[in-house]
Amino acid sequence: MEPELKPDPAPDRGFTLIELLVVISVLAVLSVGATLAVSGRGTDSAASDRAWFETQFRALQDLAMQGRNSKGLSITPEGLGFARRTGEGWDIGNPVRRWQGDVTIANMRPRAGPDEPQIVLLANGQTTAFDIRFSGNRGASQSCRSDGWTGLKCGGQ
């Protein structure tokens, strides 16, 4: 006697666990993107520029001390660029990031030449004395300064 073939029972209606996980993952990615887009609109450009400058300054100062080689920061109204010391002089790169607000450089020692960065970070931890003011779109201002000996001091005003 041969086994009798029965028609398949009615297929299950609904979603599989994999389908639900995929949908939840896509919704999570979209909500994170939307949150970041909305939260970035109200930020103060002065605070953002100051925080980014402070991070780059401290990282480059650490690199100069660890590598025992002078580094530099080229500050222009357009943006911030990095410089490295070579046998022939300074190699200054193009600005790696544009400022979001206005930047004013004050109390800066005169540069020895046009190919020298405004801020020089030495291997012993000393830097060029400077005072930089960041003006934002909300009227607030931030600043970073160094006397060359005591380190970087940043804050709002």
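The values are calculated or read from the model by the stated rules, or taken from the named source; none is laboratory data. Quantities reported herein were computed from a predicted structural model and do not represent experimental measurements. With ideal geometry, Cβ positions are generated from the backbone for all residues, glycine too; neighbour counts draw on all protein chains shown.
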Note to self: As an exercise: evaluate Gln126 against (1) closer than 23 Å to Ser48 by Cα; (2) at pLDDT 85 or above; (3) surrounded by 14 or more Cβ atoms within 10 Å (Cβ to Cβ) and give the number of the one condition it does not meet.
What the structure shows: (1)
Margin query: I'm trying to understand the selection: among the residues of region 52-99, which are farther than 16 Å from Gly151 by Cβ and within 12 Å of the chain's Cα centre (by Cα)?
Written below: Trp52, Leu80, Val96, Arg97, Arg98, Trp99
Notebook entry, point to check: Within the group Arg85, Arg97, Arg58, which residue is among the basic types (Lys, Arg) and modelled with pLDDT of 85 or more?
Noted result: Arg58
